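The values are calculated or read from the model by the stated rules, or taken from the named source; none is laboratory data. In this text the structure is predicted, and so the values were computed from the model without any measurement. Counting neighbours? That spans all protein chains shown, and the Cβs are built from the backbone with ideal geometry, glycine included. Ligands, DNA and RNA are stripped out before the accessible areas are found, and what is left, the full protein with its side chains, is counted by its heavy atoms. Shrake-Rupley method; radii C 1.70, N 1.55, O 1.52, S 1.80 Å.
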Amino acid sequence: MALTAPLVVEFPFTRSLGPVQSAFLTGLRERTVLGVRTADGRVLVPPAEYDPGTAEELRDLVEVGSTGTVTTWSWEPDPRPKRPLRTPFAWVLVRLDGADTALLHALDAPGPEAVHTGMRVRIRWAAERTGAITDIACFEPYGGEERRAHVTPHSGQFADPVTVLTTPARLDYTYTPGRAQSRHLDALARHRITGERCPACRKVYVPPRGVCPTCGVATAEEVDVGPRGTVTTFCVVNIKARHLDIDVPYVYAHIALDGADLALHGRIAGIPCEQVRMGLRVEPVWTGDGRHPDHYRPTGEPDAAYDTYKGLL
Ligand SMILES: [Zn+2]
(Lines give C-alpha, C1' and ligand atoms only; values in the text may rest on other atoms or scores of the structure.)
Protein backbone atom coordinates (compact mmCIF):
# COMPACT_ATOMS: atom_id res chain seq x y z
CA MET A 1 0.00 0.00 0.00
CA ALA A 2 1.37 3.43 -0.87
CA LEU A 3 2.18 5.57 2.13
CA THR A 4 1.57 9.27 2.71
CA ALA A 5 2.82 11.64 5.37
CA PRO A 6 2.10 15.27 6.24
CA LEU A 7 5.19 17.44 5.96
CA VAL A 8 5.82 21.05 6.92
CA VAL A 9 8.69 23.23 5.77
CA GLU A 10 8.83 26.47 7.74
CA PHE A 11 11.47 29.18 8.00
CA PRO A 12 11.55 32.91 8.66
CA PHE A 13 12.70 35.09 5.78
CA THR A 14 14.07 38.56 6.52
CA ARG A 15 14.99 41.18 3.95
CA SER A 16 16.07 44.79 4.12
CA LEU A 17 13.74 46.91 2.06
CA GLY A 18 15.77 49.60 0.34
CA PRO A 19 14.34 53.06 -0.40
CA VAL A 20 11.49 52.09 -2.73
CA GLN A 21 9.99 49.12 -0.87
CA SER A 22 10.50 50.94 2.43
CA ALA A 23 8.50 53.92 1.15
CA PHE A 24 5.80 51.64 -0.29
CA LEU A 25 5.24 49.65 2.91
CA THR A 26 5.58 52.64 5.24
CA GLY A 27 3.08 54.42 2.98
CA LEU A 28 0.57 51.62 3.48
CA ARG A 29 0.87 52.14 7.21
CA GLU A 30 -0.15 55.79 6.57
CA ARG A 31 -2.96 54.74 4.17
CA THR A 32 -0.99 56.03 1.21
CA VAL A 33 -0.33 53.87 -1.85
CA LEU A 34 2.90 54.71 -3.63
CA GLY A 35 4.01 53.64 -7.05
CA VAL A 36 7.07 54.48 -9.07
CA ARG A 37 7.21 56.20 -12.45
CA THR A 38 9.37 54.78 -15.22
CA ALA A 39 11.32 56.84 -17.77
CA ASP A 40 8.58 56.25 -20.36
CA GLY A 41 5.94 57.56 -17.96
CA ARG A 42 4.28 54.36 -16.78
CA VAL A 43 3.40 54.03 -13.10
CA LEU A 44 4.24 50.68 -11.47
CA VAL A 45 2.22 49.62 -8.41
CA PRO A 46 3.53 47.82 -6.46
CA PRO A 47 6.70 49.79 -7.19
CA ALA A 48 9.79 48.11 -8.56
CA GLU A 49 13.31 49.27 -7.71
CA TYR A 50 14.45 48.80 -11.29
CA ASP A 51 12.59 49.16 -14.57
CA PRO A 52 11.62 45.61 -15.57
CA GLY A 53 12.17 46.55 -19.22
CA THR A 54 15.38 48.57 -19.15
CA ALA A 55 16.83 47.69 -15.70
CA GLU A 56 17.16 51.44 -15.08
CA GLU A 57 17.04 52.46 -11.42
CA LEU A 58 13.63 53.87 -10.43
CA ARG A 59 13.20 56.44 -7.65
CA ASP A 60 10.43 58.74 -8.93
CA LEU A 61 7.72 57.94 -6.41
CA VAL A 62 4.10 58.93 -6.93
CA GLU A 63 0.93 58.49 -4.95
CA VAL A 64 -1.93 56.68 -6.67
CA GLY A 65 -5.56 56.16 -5.75
CA SER A 66 -6.97 53.71 -3.25
CA THR A 67 -9.65 52.70 -5.74
CA GLY A 68 -9.05 50.57 -8.78
CA THR A 69 -10.22 48.09 -11.38
CA VAL A 70 -9.98 44.30 -11.30
CA THR A 71 -7.95 43.08 -14.27
CA THR A 72 -8.29 39.36 -13.52
CA TRP A 73 -9.29 37.13 -10.62
CA SER A 74 -9.61 33.63 -9.24
CA TRP A 75 -11.98 32.33 -6.55
CA GLU A 76 -10.64 30.68 -3.41
CA PRO A 77 -13.52 28.60 -1.98
CA ASP A 78 -11.67 27.15 0.99
CA PRO A 79 -9.14 29.62 2.43
CA ARG A 80 -6.05 28.12 4.02
CA PRO A 81 -4.73 29.43 7.37
CA LYS A 82 -3.10 32.88 7.23
CA ARG A 83 -4.93 33.90 4.08
CA PRO A 84 -6.06 37.56 4.05
CA LEU A 85 -9.67 36.50 4.69
CA ARG A 86 -11.11 33.53 6.52
CA THR A 87 -14.24 33.37 4.44
CA PRO A 88 -14.15 32.36 0.75
CA PHE A 89 -12.82 35.24 -1.33
CA ALA A 90 -11.35 36.16 -4.70
CA TRP A 91 -7.67 36.65 -5.45
CA VAL A 92 -7.63 39.72 -7.64
CA LEU A 93 -5.17 41.71 -9.66
CA VAL A 94 -6.18 45.33 -9.15
CA ARG A 95 -4.94 48.22 -11.27
CA LEU A 96 -5.25 51.14 -8.88
CA ASP A 97 -6.41 54.44 -10.34
CA GLY A 98 -3.35 56.15 -11.75
CA ALA A 99 -1.32 52.94 -12.05
CA ASP A 100 -0.40 51.03 -15.18
CA THR A 101 0.29 47.70 -13.51
CA ALA A 102 -1.80 45.59 -11.15
CA LEU A 103 -1.39 44.61 -7.51
CA LEU A 104 -2.28 41.15 -6.21
CA HIS A 105 -4.59 41.05 -3.22
CA ALA A 106 -7.83 39.60 -1.86
CA LEU A 107 -11.32 40.81 -2.68
CA ASP A 108 -14.09 40.35 -0.13
CA ALA A 109 -17.10 39.29 -2.17
CA PRO A 110 -20.15 37.15 -1.36
CA GLY A 111 -19.41 34.65 -4.11
CA PRO A 112 -17.73 34.19 -7.49
CA GLU A 113 -20.88 35.44 -9.24
CA ALA A 114 -20.25 38.84 -7.63
CA VAL A 115 -16.78 39.15 -9.16
CA HIS A 116 -15.88 40.12 -12.70
CA THR A 117 -12.99 41.54 -14.62
CA GLY A 118 -13.44 45.28 -14.94
CA MET A 119 -15.32 45.65 -11.64
CA ARG A 120 -14.49 48.64 -9.51
CA VAL A 121 -12.99 48.05 -6.06
CA ARG A 122 -11.43 50.01 -3.25
CA ILE A 123 -8.99 49.31 -0.46
CA ARG A 124 -10.31 48.27 2.93
CA TRP A 125 -7.56 49.33 5.33
CA ALA A 126 -6.61 47.14 8.28
CA ALA A 127 -7.48 48.65 11.66
CA GLU A 128 -3.92 48.13 12.90
CA ARG A 129 -1.21 48.85 10.38
CA THR A 130 2.48 48.03 10.74
CA GLY A 131 4.01 48.76 7.34
CA ALA A 132 3.21 45.54 5.51
CA ILE A 133 1.09 44.46 2.55
CA THR A 134 -1.43 43.19 5.11
CA ASP A 135 -2.11 46.85 5.99
CA ILE A 136 -4.49 46.48 3.09
CA ALA A 137 -6.95 44.14 4.78
CA CYS A 138 -8.48 43.38 1.39
CA PHE A 139 -10.34 45.07 -1.46
CA GLU A 140 -14.10 45.53 -1.49
CA PRO A 141 -16.57 46.34 -4.27
CA TYR A 142 -16.95 50.04 -4.97
CA GLY A 143 -19.36 51.90 -7.22
CA GLY A 144 -17.22 54.91 -8.14
CA GLU A 145 -15.80 55.75 -11.55
CA GLU A 146 -12.13 55.47 -12.42
CA ARG A 147 -10.03 58.57 -11.81
CA ARG A 148 -7.08 58.30 -14.17
CA ALA A 149 -5.55 61.62 -13.16
CA HIS A 150 -5.11 60.58 -9.56
CA VAL A 151 -1.29 60.58 -9.52
CA THR A 152 0.68 63.03 -7.42
CA PRO A 153 4.44 63.20 -6.82
CA HIS A 154 5.54 61.95 -3.42
CA SER A 155 8.85 62.31 -1.59
CA GLY A 156 8.60 58.83 -0.08
CA GLN A 157 9.66 60.37 3.23
CA PHE A 158 7.82 59.28 6.36
CA ALA A 159 8.62 59.48 10.06
CA ASP A 160 9.82 56.18 11.49
CA PRO A 161 10.07 54.28 8.20
CA VAL A 162 9.86 50.51 7.99
CA THR A 163 13.24 49.24 6.80
CA VAL A 164 13.13 45.47 7.32
CA LEU A 165 10.50 42.92 6.39
CA THR A 166 10.24 39.54 8.12
CA THR A 167 8.08 37.01 6.39
CA PRO A 168 7.49 33.57 7.89
CA ALA A 169 7.49 31.18 4.94
CA ARG A 170 5.58 27.95 5.48
CA LEU A 171 4.77 25.11 3.17
CA ASP A 172 2.35 22.39 4.28
CA TYR A 173 2.13 19.43 2.01
CA THR A 174 1.38 15.74 1.85
CA TYR A 175 4.23 13.60 0.69
CA THR A 176 3.41 10.44 -1.20
CA PRO A 177 6.52 8.33 -1.66
CA GLY A 178 4.96 6.13 -4.33
CA ARG A 179 4.89 2.34 -4.62
CA ALA A 180 8.64 1.64 -4.80
CA GLN A 181 9.59 3.78 -1.85
CA SER A 182 6.56 2.58 0.11
CA ARG A 183 7.81 -1.02 -0.31
CA HIS A 184 11.21 0.15 0.92
CA LEU A 185 9.68 1.92 3.93
CA ASP A 186 7.56 -1.13 4.80
CA ALA A 187 10.67 -3.30 4.76
CA LEU A 188 12.52 -0.75 6.91
CA ALA A 189 9.80 -1.05 9.54
CA ARG A 190 10.75 -4.74 9.72
CA HIS A 191 14.45 -3.75 9.97
CA ARG A 192 15.20 -4.89 6.43
CA ILE A 193 16.89 -2.52 4.00
CA THR A 194 15.87 -3.10 0.42
CA GLY A 195 16.80 -1.63 -2.92
CA GLU A 196 15.66 -2.20 -6.46
CA ARG A 197 17.84 -3.37 -9.34
CA CYS A 198 17.70 -1.74 -12.75
CA PRO A 199 17.06 -4.44 -15.40
CA ALA A 200 19.28 -2.59 -17.86
CA CYS A 201 22.40 -1.37 -16.02
CA ARG A 202 22.01 -3.80 -13.06
CA LYS A 203 22.59 -1.03 -10.53
CA VAL A 204 20.83 -1.34 -7.18
CA TYR A 205 19.17 1.86 -5.98
CA VAL A 206 18.60 2.51 -2.27
CA PRO A 207 16.17 3.99 -1.51
CA PRO A 208 14.43 2.93 -4.70
CA ARG A 209 12.37 5.46 -6.65
CA GLY A 210 10.79 2.90 -8.96
CA VAL A 211 12.88 3.94 -11.92
CA CYS A 212 16.54 4.00 -12.87
CA PRO A 213 17.56 7.64 -13.18
CA THR A 214 20.25 6.74 -15.73
CA CYS A 215 18.37 4.32 -17.98
CA GLY A 216 14.86 5.67 -17.45
CA VAL A 217 13.39 2.18 -17.10
CA ALA A 218 11.22 0.85 -14.28
CA THR A 219 12.92 -1.08 -11.51
CA ALA A 220 10.95 -3.90 -9.92
CA GLU A 221 13.42 -6.52 -8.73
CA GLU A 222 13.68 -6.07 -4.98
CA VAL A 223 17.07 -6.83 -3.42
CA ASP A 224 18.16 -6.90 0.18
CA VAL A 225 21.19 -4.73 0.84
CA GLY A 226 23.38 -4.15 3.88
CA PRO A 227 22.70 -4.02 6.68
CA ARG A 228 26.41 -3.24 6.93
CA GLY A 229 27.96 -0.53 4.85
CA THR A 230 30.89 1.79 4.29
CA VAL A 231 31.19 5.51 5.02
CA THR A 232 32.04 7.05 1.66
CA THR A 233 32.10 10.65 2.81
CA PHE A 234 30.86 12.63 5.80
CA CYS A 235 30.58 15.99 7.49
CA VAL A 236 30.67 17.14 11.09
CA VAL A 237 27.51 19.09 11.96
CA ASN A 238 28.08 21.95 14.41
CA ILE A 239 24.76 23.78 14.06
CA LYS A 240 21.88 22.50 16.11
CA ALA A 241 18.63 22.08 14.20
CA ARG A 242 15.62 23.48 16.03
CA HIS A 243 13.45 20.38 15.93
CA LEU A 244 16.20 17.78 16.16
CA ASP A 245 16.98 16.41 19.59
CA ILE A 246 20.62 15.64 18.89
CA ASP A 247 23.58 17.34 20.56
CA VAL A 248 26.20 18.90 18.34
CA PRO A 249 28.73 18.14 17.08
CA TYR A 250 27.66 14.97 15.33
CA VAL A 251 28.60 13.28 12.09
CA TYR A 252 26.33 12.89 9.12
CA ALA A 253 27.66 10.53 6.49
CA HIS A 254 27.02 9.04 3.10
CA ILE A 255 26.92 5.31 3.60
CA ALA A 256 27.19 2.77 0.80
CA LEU A 257 25.37 -0.28 2.08
CA ASP A 258 26.82 -3.60 0.95
CA GLY A 259 25.19 -4.50 -2.35
CA ALA A 260 23.92 -0.97 -3.09
CA ASP A 261 25.13 1.18 -5.98
CA LEU A 262 24.05 4.43 -4.39
CA ALA A 263 25.02 5.84 -1.00
CA LEU A 264 22.30 6.87 1.42
CA HIS A 265 22.83 9.19 4.33
CA GLY A 266 22.65 8.65 8.06
CA ARG A 267 24.07 9.80 11.34
CA ILE A 268 27.16 8.10 12.74
CA ALA A 269 27.35 7.52 16.49
CA GLY A 270 29.24 5.33 18.91
CA ILE A 271 32.59 6.80 17.86
CA PRO A 272 34.15 10.23 18.53
CA CYS A 273 33.57 12.65 15.65
CA GLU A 274 37.27 13.06 14.97
CA GLN A 275 37.67 9.32 14.45
CA VAL A 276 35.04 9.01 11.73
CA ARG A 277 36.74 8.45 8.38
CA MET A 278 36.11 7.45 4.81
CA GLY A 279 36.05 3.67 4.54
CA LEU A 280 34.75 3.19 8.10
CA ARG A 281 32.55 0.10 8.28
CA VAL A 282 29.18 0.74 9.97
CA GLU A 283 25.87 -0.96 10.71
CA PRO A 284 22.39 0.46 11.40
CA VAL A 285 20.96 0.78 14.89
CA TRP A 286 17.19 0.87 15.30
CA THR A 287 15.82 2.34 18.50
CA GLY A 288 12.29 2.41 19.87
CA ASP A 289 9.67 1.80 17.22
CA GLY A 290 11.35 4.01 14.62
CA ARG A 291 10.96 2.99 11.02
CA HIS A 292 14.36 4.34 10.02
CA PRO A 293 17.63 3.39 11.71
CA ASP A 294 18.33 5.95 14.42
CA HIS A 295 22.00 5.97 13.51
CA TYR A 296 24.85 3.82 12.24
CA ARG A 297 27.67 2.60 14.46
CA PRO A 298 31.10 1.12 13.71
CA THR A 299 31.15 -2.66 13.20
CA GLY A 300 34.78 -3.05 14.25
CA GLU A 301 35.74 -4.52 10.87
CA PRO A 302 38.87 -3.25 9.11
CA ASP A 303 38.23 -0.18 6.96
CA ALA A 304 37.08 -0.79 3.39
CA ALA A 305 39.67 -0.19 0.69
CA TYR A 306 39.13 3.03 -1.24
CA ASP A 307 38.81 1.15 -4.52
CA THR A 308 35.74 -0.69 -3.23
CA TYR A 309 33.69 2.50 -2.81
CA LYS A 310 35.35 5.16 -4.97
CA GLY A 311 32.59 4.77 -7.59
CA LEU A 312 29.96 5.65 -4.99
CA LEU A 313 31.29 9.02 -3.89
ZN1 LIG B 1 19.81 1.53 -15.13
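Considered as an equivalent ellipsoid built on the Cα gyration tensor, the range 177-225 has semi-axes of 18, 11, 7 Å, the largest given first. Working value for the range 162-247: equivalent-ellipsoid semi-axes of 34, 19, 15 Å, each the square root of 5 times a Cα gyration tensor eigenvalue, largest first.
The 1.4 Å probe gives accessible areas that order Thr4, Thr152, largest first, as Thr4, Thr152. Our compactness index for the range 210-313, the C-alpha radius of gyration over the empirical 2.2 N^0.38 Å, is 1.15. Note on the range 1-57: percent of Cα-Cα distances in each 5 Å bin, starting at 0 and stopping at the bin with the largest distance, equals 4, 15, 18, 16, 11, 9, 7, 5, 6, 5, 4, 1, 0. Computed from Cα positions, the angle between helix 18-29 and the longest principal axis of the chain comes to roughly 60 degrees. The translational diffusion coefficient of the range 9-170, from Stokes-Einstein at 4 °C and 1.567 mPa s with a Kirkwood hydrodynamic radius over alpha carbon pairs, comes to 79 µm²/s.
By DSSP, the beta bridges lying fully in the chain are antiparallel in about 95 percent of cases.
Report summary: the helix-based calculation at 222 nm, which adds -39500 (n - 2.57) for every DSSP H run with n ≥ 4 and divides by the residues of the chain, gives -2500 deg cm²/dmol.
Only protein atoms count toward the accessible area here, which uses a 1.4 Å probe; on the range 167-313, the carbon and sulfur part of that area reaches 52 percent. Working from Cα positions, state the angle (0 to 90°, nearest 10) between the long axis of helix 178-189 and the longest principal axis of the chain. Once rounded, one gets 50 degrees. The region of the chain that goes longest without hitting one of the GluC sites (Glu not before Pro) in a DSSP loop, each with at most 16 other Cβ atoms within 10 Å, is 147-313. The ellipsoid that matches the Cα gyration tensor of the range 79-120 has semi-axes, each √(5λ) in whole angstrom, of 20, 13, 6, with the longest given first. The mean sequence separation of alpha-carbon pairs under 8 Å and at least six residues apart, normalised by the residue count of the range 52-165, gives a relative contact order of 29 percent. Report D for the chain in µm² per second (integer): Stokes-Einstein, Kirkwood Rh on Cα pairs, 25 °C, 0.890 mPa s. Taking Rh from Cα pairs, D becomes 100 µm²/s.
Report the normalised scattering of the range 10-104 as log10 I(q)/I(0) at q = 0.17, 0.21, 0.24 Å⁻¹, calculated by the Debye formula with identical scatterers on the alpha carbons. Cα-only, vacuum Debye calculation for the range 10-104: -0.87, -1.10, -1.19. Taking amide H atoms as placed 1.01 Å from N in the peptide plane, the amide H of Arg124 lies under 5 Å from those of Ala137, Cys138, Phe139, Glu140, each 5 or more residues away in sequence or on another chain.
The residues of the range 1-55 present an accessible area of 53 Å² per residue when probed at 1.4 Å with all protein chains retained.
Our coupling estimate for the range 204-210, obtained by passing each phi through the Karplus curve with A = 6.51, B = -1.76, C = 1.60 and θ = phi - 60°, is 9, 9, 9, x, x, 10, x Hz, Gly and Pro reported as x. Accessible surface for Tyr306 stands near 110 Å², nearest 10, in the context of the full protein assembly shown (1.4 Å probe).
Under 5 Å between amide hydrogens, built in the peptide plane, is the criterion, and for Val237 it picks out Tyr250, Val251, Tyr252 among residues at least 5 positions away or on other chains.
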